[in-house]
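The values are calculated or read from the model by the stated rules, or taken from the named source; none is laboratory data. Remember, it's a predicted structure, so these values are computed and weren't measured experimentally. Here the Cβ positions follow ideal geometry from the backbone for every residue, glycine too, while neighbour counts run over all protein chains shown.
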Amino acid sequence: MRKEYDFSKAKRGSVVPVATGKTRITIRIDDDVLEWFRNQVHAAGGGNYQTLINQALRRVMEQGAEPLETVVRRVVREEIRGMPKGSRGRRKGGAA
């Protein structure tokens, strides 16, 4: 190792340049979500969990947003299916 180094032409910044079409960001992801993606990569025999997250987000983008009405109907149906049979009756004083 040298006793003195010349940093007169040095530049600040990341050592590894960011690939074209990519942006470095910092986000907070729940531990269980991150662990799931890491486990998926491990189960597949290797790869990059960040690429897997990117692919999942791209699928959501390409599918488009599900209309709120569709989401509400699906959730209500799931809740009704989970209810005990006796409590699925009609409301008092009106049509169901």
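For segment 1-35, the tally of residues that are touching a Phe, Trp or Tyr at 6+ places or on another chain (Cβ under 9 Å) and assigned to a loop (DSSP other than H, G, I, E, B) stands at 1. Take the conditions (1) outside any helix (DSSP H, G or I); (2) within 25 Å of Ala19 (Cα to Cα); Leu52 misses just one of them, which is (1). No other residue among Arg77, Arg88 is surrounded by 10 or more Cβ atoms within 10 Å (Cβ to Cβ) and modelled with pLDDT under 85 apart from Arg88.
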